[in-house]
1. Scan segment 89-106 for residues that are loosely packed, with under 13 Cβ neighbours inside 10 Å and under 20 Å from residue 54 (Cα atoms) and report the count.
2. All but one of (1) modelled with pLDDT of 95 or more; (2) over 15 Å from residue 125 (Cα atoms); (3) surrounded by fewer than 19 Cβ atoms within 10 Å (Cβ to Cβ) hold for residue 66; state the number of the condition that does not hold.
3. Please enumerate the residues belonging to segment 102-125 that are under 12 Å from residue 91 (Cβ atoms), without any contact (Cβ under 8 Å) to a residue 60 or more places away in the chain and touching a strand residue (DSSP E or B) at 6+ places or on another chain (Cβ under 7 Å).
4. Only one residue in 105, 118, 90 is under 19 Å from residue 58 (Cα atoms) and assigned to a loop (DSSP other than H, G, I, E, B), so which one is that?
């Protein structure tokens, strides 16, 4: 039916068929754009946070478990410091490790574990 004139076409090929390839291409492009946005947003990570002043830290993943991360820190300052490791866990919720209190000159480690249903550790941060 022609929506402008209100008449039906009689016989012949359907005039809507000539627009179907263009509509299919438009639908495919829209679907690809919609799928690309969440995938990009999910894998994007923020810039790593700076180590708190007075601490020198090394961070990493466990040697045999990609879901466990750690922060090993030394207090080089003159005041007691508290720190913990923060893991950005991809699809799982982010997690914090145990709080560690260090007197001047002491070293300590904080560990945390991402949920196993997620995509693993995306980023490791040291929080004051």
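The values are calculated or read from the model by the stated rules, or taken from the named source; none is laboratory data. Source: prediction; values computed, not measured. We place every Cβ from the backbone using ideal geometry, glycine too, and count neighbours over all the protein chains shown.
1. Within segment 89-106, residues that are loosely packed, with under 13 Cβ neighbours inside 10 Å and under 20 Å from residue 54 (Cα atoms) number 5.
2. The single condition residue 66 does not satisfy is (1).
3. Passing the criteria: only 114.
4. 105
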